[in-house]
1. In the list Glu295, Glu299, which residue meets the criterion of being in contact (Cβ under 8 Å) with a residue 24 or more places away in the chain and open to solvent by less than 80 Å² (accessible area, probe 1.4 Å)?
2. Residue pairs, Cβ under 7 Å, 6 or more apart or interchain, first in the range 205-218 and of a type in the set (Val, Ile, Thr), second assigned to a loop (DSSP other than H, G, I, E, B). List them.
3. Checking the structure you have, find out if any residue of the range 24-37 is over 30 Å from Glu288 (Cα atoms) and under 28 Å from the mean Cα position of the chain (by Cα).
4. If the Cβ limit is 9 Å and pairs must be 6+ apart or interchain, which residue in the range 1-27 that is among the hydroxyl-bearing types (Ser, Thr, Tyr) pairs with which residue that is open to solvent by 40 Å² or more (accessible area, probe 1.4 Å) and part of a loop (DSSP other than H, G, I, E, B)?
5. Considering the range 209-218 alone, what residues qualify as being buried (at least 22 other Cβ atoms within 10 Å of the Cβ) and closer than 17 Å to Arg179 by Cα?
6. Residue under question is Val245, and the condition is that it be hydrophobic (A, V, I, L, M, F, W, C), out of contact with any Phe, Trp or Tyr (no Cβ under 7 Å at 6 or more places or on another chain) and not in a loop (DSSP other than H, G, I, E, B); does it hold?
7. I'd like the full set of residues that are open to solvent by 20 Å² or more (accessible area, probe 1.4 Å) and closer than 15 Å to Val263 by Cβ, limited to the range 197-206.
8. Taking the range 241-251 on its own, how many of its residues are modelled with pLDDT of 95 or more and not β-branched (Val, Ile, Thr)?
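The values are calculated or read from the model by the stated rules, or taken from the named source; none is laboratory data. Note that the coordinates shown come from a computational prediction; the quantities given were computed from them, not determined experimentally. So basically every Cβ, Gly included, is an ideal-geometry build from the backbone, and we count neighbours across all protein chains shown. Side chains are part of the model used for accessible areas, which takes the heavy atoms of the whole protein and leaves out ligands, DNA and RNA. Shrake-Rupley method; radii C 1.70, N 1.55, O 1.52, S 1.80 Å.
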Amino acid sequence: MKDDRFYMRLALKEARKGLGRTSPNPPVGAVVVDPESGEVLARGYHRRAGEPHAEAVALARAGERARGATLYVTLEPCHHHGRTPPCTGAILAAGIRRVVIGTRDPNPRASGGLVYLRSRGLEVRVGVLEKECRYLTRFFLKRVITGRPWVILKVAASLDGRIATRTGDSRWITGEEARRYTHRLRDLCDAILVGRKTVEADDPELTCRLPGGRNPVRIVLDTRLSLSPEFRIFRTAQEVPTWIVCGEGADPERERLFRDLGVEVIRIPEKAGWVDLGALLEALSQREILSVLVEGGGEVHGSFLDAGLVDEIFFFLGPVIIGGKEAPPAVAGKGPTKLSQALWLKDLRIKRLGDSLLLHGLSETGSRILESTS
């Protein structure tokens, strides 16, 4: 007989089918299992906000066979009326006897399902593969717990930490497999963010080029609105949502130029002459942005790190050494005064992608979000 961990892995596999599509809801997977034979009766996942939750999908597919069965679900079933009815009601109506939950829901509006189901006589177990389930729902958890989106810092650099030559030549430092992985990150995240200098240097489109991929909202930091509206990212704003973030003192006439192209202009209070990144993240959360992929350049990377706003890092290294003290670094900013104050990655993983390497890990703040709460 297979154990609870086995079936929770199946539920996690279901949940991953909804990655990048469920915002502002979390991706959730569910599996209905016959407790006697161990047979998987049905599976389900949450496709997108407004559509049935994973539990409801799996239970509907199981039908009458769900009576007396065990339900495995990656996140605590909701116990409130939102865009869809509460999942606790569907669980009771289906005749489920036992519920196994990956992690609890910290959202005070949606939580309470665990306690309610126990009060109705169901056996409930919580905390199975909890860290894996929390990582899966980390974007949602971060917003609920802190009021800010999850921030991923993505860097593509040479072995000596440069993102271009001294003349600005940067294509391509990493190989094709690494660049394809980057597009998977774009497909996953709600928004992608760059600074003014990246737009000037590369004139990027910042779209997802995977077949069937989803384009994130494109965000450009430009405190004074000094960029030309002629860059491709602005000229394609009617096709892909594009926001430009400026300080409160930016010229209103410049703002009009961008709005005429369909670019949304977001004014944020300034801090030390630059857009206050903490205030920006809170504003993005209010716009139901749960995840932000920061793609540079070095000054933007450094600013987010200096402010302690990074949760997760994907650091790609290409097989090249650029050299030159004038070549731009992958991370600029002020930086720490002591090595002990630097960002040390937790849960570090290293993966080879063709001729490039990926170093992936969490910051201290990101790691805390994944800590057990059951």
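1. Glu295
2. So the pair list comes out as Thr207/Asn215; Thr207/Val240; Val217/Asp190; Val217/Pro241; Val217/Ile289.
3. To start, the set of residues in the range 24-37 that are over 30 Å from Glu288 (Cα atoms) comprises 32-37.
Remaining after also requiring under 28 Å from the mean Cα position of the chain (by Cα): 32.
Yes, there is a match, as at least one residue in the range 24-37 is over 30 Å from Glu288 (Cα atoms) and under 28 Å from the mean Cα position of the chain (by Cα).
4. Sorted first by the residue in the range 1-27, then by its partner, the pairs are Thr22/Arg47; Thr22/Arg48; Thr22/Glu51; Ser23/Arg48; Ser23/Glu288.
5. Within the range 209-218, just Pro216 meets the criteria.
6. Values: hydrophobic (A, V, I, L, M, F, W, C): yes; out of contact with any Phe, Trp or Tyr (no Cβ under 7 Å at 6 or more places or on another chain): yes; not in a loop (DSSP other than H, G, I, E, B): yes.
For Val245, the condition - hydrophobic (A, V, I, L, M, F, W, C), out of contact with any Phe, Trp or Tyr (no Cβ under 7 Å at 6 or more places or on another chain) and not in a loop (DSSP other than H, G, I, E, B) - is met.
7. Glu205
8. Summing the residues that are modelled with pLDDT of 95 or more and not β-branched (Val, Ile, Thr) in the range 241-251 gives 4.
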